[in-house]
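Peer 1: Here it is, the structure in full.
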Amino acid sequence: MLLCPPRLLRTGLAVALITISAGAVSATAVSTPPAVEEEPGLLSRSLAAKSGTEAAEMTAMLRADDTDTILDIAQGYGEAELVTTETGDPVITGIINGVAYQLFFLDCTDGTDCEVANFYAIWDRPDVALDALNAWNRTHPFHKAYQTEDQYPVVELNLSLRGGVTRMQLNDAFDRWTIALAEFEAQILDPSL
């Protein structure tokens, strides 16, 4: 069984991976060197190299009400369109690398002032084993995978919008989401790849 260490291992922490196979329990110590910025100060120099307008756009706070900007960012990752629910809350529906997803805006007041962005994808595959989803959850701390009542697999990523987010943070969330969709399909839905 191939185990991918959790992303937190990139911080230089040591953990024990515990596997249970055929009733036998085994533990393996795993550690990695601390994550080191490839070039100290690279991010701050990168922002400084941008024009004042570009740097300001990357660090300016966005609110959930700024759906045009959020939609623009979503469209940078694939097809996306803005729709609304029956209650008036905004939803972005999209496709990233062939995978359909929805970006729900939750905890809204009259369709505005939403406090949570909920990335959501569901697959029409009721044959996914629950232990595979549990393994996914152990190694993907920013996402959660589960089965619906009809046994369909779901992956979610939640992002707090309380107080706003920067364009850079939103791009990071979309990067994580894009990677999660690809990894989920490869590791859970089609592990033979």
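The values are calculated or read from the model by the stated rules, or taken from the named source; none is laboratory data. Keep in mind the model is a prediction, meaning the values are calculated, not measured. When we count neighbours, we look across all protein chains shown, and the Cβ atoms used for this are built from the backbone with ideal geometry, even at glycine.
Peer 1: Filter segment 64-88 for residues that are within 17 Å of Asp110 (Cβ to Cβ) and out of contact with any Ser or Thr (no Cβ under 9 Å at 6 or more places or on another chain); which is surrounded by the most Cβ atoms within 10 Å (Cβ to Cβ)?
Peer 2: Thr67
Peer 1: Considering only segment 131-144, I want to know if a residue exists there that is basic (Lys, Arg) and not in a strand (DSSP E or B).
Peer 2: The answer is yes; a qualifying residue exists.
Peer 1: Do we find a residue being at pLDDT below 95, assigned by TED's automatic domain parsing to the domain that holds Gln169, surrounded by 15 or more Cβ atoms within 10 Å (Cβ to Cβ) and not hydrophobic (A, V, I, L, M, F, W, C) anywhere in segment 128-140?
Peer 2: yes
Peer 1: Follow-up. Here are Gly76, Gly94, Gly88: which of them is touching a residue at least 24 places away in the same chain (Cβ under 8 Å) and either under 19 Å from the mean Cα position of the chain (by Cα) or at positive phi (or both)?
Peer 2: Gly76
Peer 1: Give segment 97-108 a look and list any residue that's exposed (fewer than 15 other Cβ atoms within 10 Å of the Cβ) and either in contact (Cβ under 8 Å) with a residue 24 or more places away in the chain or not assigned by TED's automatic domain parsing to the domain that holds Asp175 (or both), or say none.
Peer 2: Within segment 97-108, Asn97 is the sole residue that qualifies.
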